[in-house]
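Working notes, structure below.
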Amino acid sequence: MKRVGLLTSGGDCQALNATMRGIAKALYQMYGDEMEIVGFLDGYRGLMYEDCVKLTPSDFSGILTKGGTFLGTSRTPFKLIREPDANGLDKVEAMKTTYRRQRLDCLYVLGGNGSQKTANLLSQEGLNVIGMPKTIDNDLWGTDTTFGFQSAIDIATNAIDCIHTTAASHNRCFIVEIMGHKAGWLTLNAGIAGGADIILIPEIPYQIEKVVAAVKHRNRRGRGFTIIAVAEGAMSVDDAKMGKKEYKQRVADMLKVYPSISYEIADQIKEATGLECRVTVPGHMQRGGQPNAYDRVLSTRLGTYGAILFQHGEFGVMAAIHDHKITSIPLSEVAGKLKTVPPDNDILEEARMLGICFGD
């Protein structure tokens, strides 16, 4: 009898269920009744406290198109993983104990950066772990793309599309704030797809004077409206020069006045141009709803490959896609690394050729 565990950790996204379905259906095809699958509820918390359920093939039926995760998820910050819980429980030892008590041959971890850090730690502690690359931010190292990313692009793009018509009707400047604290992949792609005139991402510190100049330039050319896609982690040139502690305080001070950086930028544009500038924040809508066709295929391929990795006894790795081929990469190479938009990225150059302003 083979026995594996599944858990989804960190923020949810549209294709978590589809990925678990891919893993499970492939494993059942390989091992039939000799395969048992255990689901841990609410991420690593379920593994710590042995809050789990035995799953059956019927649990994976009809979930290909469902967003979210039927197992539930939670955030367990990696920086706190070695700290005991409120009752003094050693979290790492507790997870190892649960793994052994449940007689697991492997644990699948579906998650992003922090989740894969913990997956790597458990692998180093001697557990058989296979990671699955999940995040709408697409900032996970070692894979060309992550499941959930393309679906989030669709939703963010639709938000910009909807704003476009009302902005044009009223000749207003609109900011659409897109998710992404440290990486701008989602804002960059949605901004281009939605026809944004200005795109501000964390990797390219902006000068508000350049942003204002771009807005004024459009007005002089008879364009009465401007669409600006802003990543929630966008920062100015002055912010980028600050140390980590100083910048953290700067953000805290800003949040006492504005709900987010987008509202501050909107105020600065209005003050400099006299134009009305509105802000729209799609927020968690970008992580919700059904996975699109691309993510359904990608997650199914990754899940199936995860089953192959188990069959071959290849652990301590994360399934990934590179040059359109499904492959794997050691968790040790993934953990602690962030994939941000490089300054020489082709997409940036092509966007600039269209006249899109990045505020630099």
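Percent relative contact order of the chain, based on C-alpha pairs within less than 8 angstrom and at least six residues apart?
On the way: 774 pairs, mean separation 85.0, N = 360.
The normalised contact order for the chain reaches 24 percent.
Using R₀ = 45 Å, calculate the FRET efficiency as 1/(1 + (r/R₀)^6) where r is the Cβ-Cβ separation of residue 324 and residue 241; round to 0.05. List each step's numbers first, then the result.
Numbers: r = 40 Å, r/R0 = 0.88.
So the FRET efficiency works out to roughly 0.70.
Find the centroid of the Cα atoms in region 34-56 and in region 297-314, then give the distance between the two in whole Å.
Measuring centre to centre over Cα atoms gives 19 Å.
If packing is taken as the average count of other Cβ atoms within 10 Å, what order do 156-169, 114-127 fall into, highest mean first?
Sorting 156-169, 114-127 by mean packing, highest first, produces 114-127, 156-169.
For the chain, which cysteines have no disulfide-compatible partner, meaning no other cysteine Cβ under 4.7 Å?
If one checks each Cβ against the other cysteines of the chain, 13, 52, 106, 162, 357 turn up with nothing under 4.7 Å.
Need one number: nm distance between label points at residue 168 and residue 256, each 7 Å from Cα along Cα→Cβ, rounded to one decimal.
4.3 nm
List the residues whose amide H sits under 5 Å from the amide H of residue 321, counting only those 5 or more places along or on another chain, with H placed 1.01 Å from N in the peptide plane.
HN-HN under 5 Å from residue 321: 144, 145, 327.
Hey, rough spin-label estimate for residue 315 and residue 210, points 7 angstrom out along Cα→Cβ, what's it come to in nanometres?
4.9 nm
Local charge sum around residue 80 (other residues, Cβ-Cβ under 13 Å, Lys/Arg +1, Asp/Glu -1)? Intermediate values should be presented prior to the final figure.
Values: positive: 45, 75, 79, 82, 91, 117; negative: 83, 85, 90.
Neighbourhood net charge equals +3.
Per 5 Å bin, what percent of the C-alpha pairs of region 123-255 does each bin hold, from zero upward?
In order of increasing distance, the bins hold 2, 10, 16, 18, 17, 14, 11, 6, 3, 1, 1, 1, 0 percent.
What does the extension gain come out to for residue 70 and residue 220, with contour length at 0.36 nm per residue minus their alpha carbon separation? Intermediate results must be reported in sequence, preceding the final value.
Values: separation 150, 0.36 × 150 = 54.00 nm, distance 5.23 nm.
Gain on extension, residue 70 to residue 220, equals 48.8 nm.
Do any trypsin sites (Lys or Arg not before Pro) in region 6-95 lie in a loop, going by DSSP, with at most 12 other beta-carbon atoms within 10 Å of their beta carbon, and if so which?
Values: sites: 21, 25, 45, 54, 66, 75, 79, 82, 91; in loops: 66, 75, 82.
Taking region 6-95 and a limit of 12 other Cβ atoms within 10 Å, the loop trypsin sites (Lys or Arg not before Pro) found are 82.
Taking only protein heavy atoms into account and a 1.4 Å probe, give the accessible area per residue of the chain in Å². Numbers along the way, then the final one.
On the way: 16020 Å² over 360 residues.
That works out to 45 Å² for each residue.
Using +1 on the beta carbon of Lys and Arg, -1 on that of Asp and Glu, and nothing else charged, what's the dipole of the chain about the Cα centre, debye to 20?
Details: 40 positive and 41 negative charges, 51 e Å.
Magnitude of the dipole: close to 240 debye.
Given points 7 Å out from each Cα along the Cα-Cβ axis, report the residue 2 to residue 268 separation in nanometres with one decimal.
With each label placed 7 Å out from Cα toward Cβ, I get 5.5 nm.
Work out Dmax and Rg for region 1-91 from the C-alpha atoms and quote the Rg first, both in angstrom.
Using the Cα atoms of region 1-91, the pair Rg, Dmax is 14.4, 42 Å.
How high is the relative contact order of region 117-270, in percent, counting Cα pairs under 8 Å that sit 6 or more residues apart? Please list the in-between numbers first.
Values: 221 pairs, mean separation 32.8, N = 154.
So the answer I get is 21 percent.
In debye to the nearest 20, how big a dipole does region 221-283 give about its Cα centre with +1 on each Lys and Arg Cβ and -1 on each Asp and Glu Cβ? Don't jump to the answer; show the numbers that get you there.
Details: 10 positive and 9 negative charges, 28 e Å.
Around 140 debye, computed over region 221-283.
With only Lys, Arg, Asp and Glu charged, each at its Cβ (+1 for the first two, -1 for the last two), find how big the charge dipole of region 241-341 is about the Cα centre; round to the nearest 20 debye.
Values: 14 positive and 10 negative charges, 34 e Å.
Here region 241-341 has a charge dipole of around 160 debye.
Leaving out ligands, DNA and RNA, and with a 1.4 Å probe, what % of the accessible surface on the chain is carbon or sulfur? Walk me through the intermediate numbers first.
Values: 7940 of 16020 Å².
Taking all protein chains in place, the chain shows 50 percent carbon and sulfur surface.
If R₀ is 35 angstrom, what is the calculated FRET efficiency for the pair residue 30 and residue 344, using the beta carbon separation as r and rounding to 0.05?
Details: r = 43 Å, r/R0 = 1.22.
Step by step, r from the Cβ atoms, then E = 0.25.
What is the distance in Å between the Cα centres of region 272-290 and region 137-183?
For region 272-290 versus region 137-183, the Cα centre distance is 9 Å.
Provide the gained length on full extension for the span residue 61 to residue 125, in nm with one decimal, where the gain is 0.36 nm per separating residue minus the Cα-Cα distance.
Roughly 19.7 nm would be gained on extension.
Residue 276: net charge of surrounding residues, Cβ under 9 Å, Lys/Arg +1, Asp/Glu -1, itself excluded? Could you put the intermediate results ahead of the total?
Values: positive: 172, 270, 278; negative: none.
Summing Lys and Arg as +1 and Asp and Glu as -1 gives +3.
At a threshold of 8 angstrom on Cα-Cα distance, excluding pairs fewer than six apart, so keeping six or more, what relative contact order does region 80-161 reach in percent? Before the final figure, lay out each step's value.
Values: 82 pairs, mean separation 16.2, N = 82.
Here the relative contact order equals 20 percent.
May I ask for log10 I(q)/I(0) of region 234-360 at q = 0.11, 0.15 Å⁻¹, from a Debye sum over the Cα atoms as equal point scatterers with solvent left out?
-0.73, -1.09
The values are calculated or read from the model by the stated rules, or taken from the named source; none is laboratory data. If you're wondering where the values come from, they're calculated on a predicted model, not measured in any experiment. Virtual Cβ from ideal backbone geometry, glycine too; neighbours counted across all protein chains shown. Protein only, heavy atoms only, side chains kept; ligands, DNA and RNA dropped before computing areas. Shrake-Rupley method; radii C 1.70, N 1.55, O 1.52, S 1.80 Å.
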